[in-house]
Amino acid sequence: MNEPTSKPHRAMSDEQLISMLVDRARSEGLQLTGEGGLLQQLTKRVLESALEGEITDHLGYDRHDPAGKNSGNSRNGTRTKTVVTDVGPVEVRVPRDVAGTFEPQLVRKRQRRLSGVDEMVLSLSAKGLTHGEIAAHLAEVYGAQVSKQTISTITDKVMDGMAEWQNRPLDRVYPVVFVDAINVKIRDGHVANRPIYLVMAVTVEGHRDILGIWAGDGGEGAKHWLAVLTELKNRGVDDVLMLVCDGLKGLPQAVEAVWPRTIVQTCVIHLLRNSFRYAARQDWDKIARALKPVYTAPTEEASLERFYEFSEVWGRKYPAIVRLWETSWSEFVPFLAFDVEIRKVICSTNAIESVNARIRKAVRARGHFPNETAALKCVFMALMSLDPTGKGRKRWTMRWKAPLNAFQIAFEGRLTPANL
């Protein structure tokens, strides 16, 4: 009979306790946050109470309990240490035992920060803040003095997780894989642009998955890409139906060596952007309209006819654009043989562009990096902070249903039922 009223009674007690603490803080002129504030005091009491519970569990008896007499171990006072928390630095008394066997878990030995602070540092770093800016932010908002060296130590831990992530097993087959690059500034004697390559796949379930990131020096060729793709194959990727890229030198040859049946498709959006480089700004819209029939044609033959028409109109003024499309033609036309749903997926690297936009934001905020490792660490943390709510993943998965069915029909036998 008393059970239904027990929970409301506890809830009222909690509310009364909170009200009492707030009233007391007001009457004593105590601020809520900052040094000596109510939240700091509450954090101190909660931590010390939890530590007292830990040593009680360790010893097997409460403080002043006669059961502890002649037990072979007992409390041995406390030691004071300051830990950095989300509400600022808090001084806590950590209990000790005579035998020296007590190992506190909430505030471990030599631990100077609670986990929330580490997570905050990593989140701020992923957004592109420098170590100095993070230290200033923690000092200003939380009153916590965290050195740039400490922040560097926290973010360096990311590299262990990155190595594990970069070597994790992958799926046997992917319907489509996108390869793209972003440029970062690295100070190696002098500041210069260096590419960071991303390989992103769409799984048969319709999920986007970053398979890995690699730093390049800008002079990559078939040998470089053969090493990257062989690494992916060694991690379990036996087949890729289509690979979309932006005309990266040597990549098609490497794909043929690793996955002979994979179709390499040039990103049409990048092809258009590269075309605009050779044209005056006032002609961009006209050229875009003239090229649209080329990449929206129902067949390769129709596309070739539209391209000849484009060449007759614009070839004399912009011969470099015509030459660009002729050079890229063999890797441009494959998607024209497929259903419109497949075209939507593979005709551009827009799927990976949204990821790159987030990375570029973090990279631009940092300016330049002292070395390649620092650049990779920044990119990796930006990737790990993507889509925290999972809403983007759900939207993408729903849009993938129709292309998945089209891939299943077009590449019959390669996306097996076991993969779906």
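The values are calculated or read from the model by the stated rules, or taken from the named source; none is laboratory data. Remember, it's a predicted structure, so these values are computed and weren't measured experimentally. For neighbour counting, all protein chains shown are included, and Cβ atoms are generated from backbone atoms with ideal geometry for every residue, glycine included. These area figures cover heavy atoms from the full protein model, side chains too; ligands, DNA and RNA do not enter into them. Shrake-Rupley method; radii C 1.70, N 1.55, O 1.52, S 1.80 Å.
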Listed by first then second residue, the pairs whose first member lies in the range 179-190 and is within 30 Å of Val268 (Cα to Cα) and open to solvent by 10 Å² or more (accessible area, probe 1.4 Å), whose partner is of a type in the set (Ser, Thr, Tyr) and modelled with pLDDT of 80 or more, with beta carbons under 6 Å and at least 6 positions apart or on separate chains, are Ala181/Tyr197
Here the residues within the range 346-369 that are of a type in the set (A, V, I, L, M, F, W, C), open to solvent by 20 Å² or more (accessible area, probe 1.4 Å) and assigned to a helix (DSSP H, G or I) are Ala357, Ala365
**Message:** So, Val294, is that one within 32 Å of the chain's Cα centre (by Cα) and in contact (Cβ under 8 Å) with a residue 24 or more places away in the chain or not?
**Reply:** no
Ala67 vs (1) hydrophobic (A, V, I, L, M, F, W, C); (2) open to solvent by 50 Å² or more (accessible area, probe 1.4 Å); (3) at pLDDT 80 or above: all pass except (3)
Leu336 being touching a residue at least 12 places away in the same chain (Cβ under 8 Å), in a helix (DSSP H, G or I) and open to solvent by 20 Å² or more (accessible area, probe 1.4 Å):
no
Over the range 287-304, the set of residues more than 18 Å from Asn274 (Cβ to Cβ) and open to solvent by 30 Å² or more (accessible area, probe 1.4 Å) is Pro293, Thr296, Pro298, Thr299, Glu300, Glu301, Leu304
Looking across the range 305-333 at residues that are under 27 Å from Ala410 (Cβ atoms) and of a type in the set (Gly, Ala, Ser), the single one that is surrounded by the fewest Cβ atoms within 10 Å (Cβ to Cβ) is Ser330
Over the range 242-286, the set of residues part of a loop (DSSP other than H, G, I, E, B), open to solvent by less than 80 Å² (accessible area, probe 1.4 Å), touching a residue at least 12 places away in the same chain (Cβ under 8 Å) and not polar (S, T, N, Q) is Asp246, Gly247, Leu248, Gly250, Trp259, Cys267, Ala279
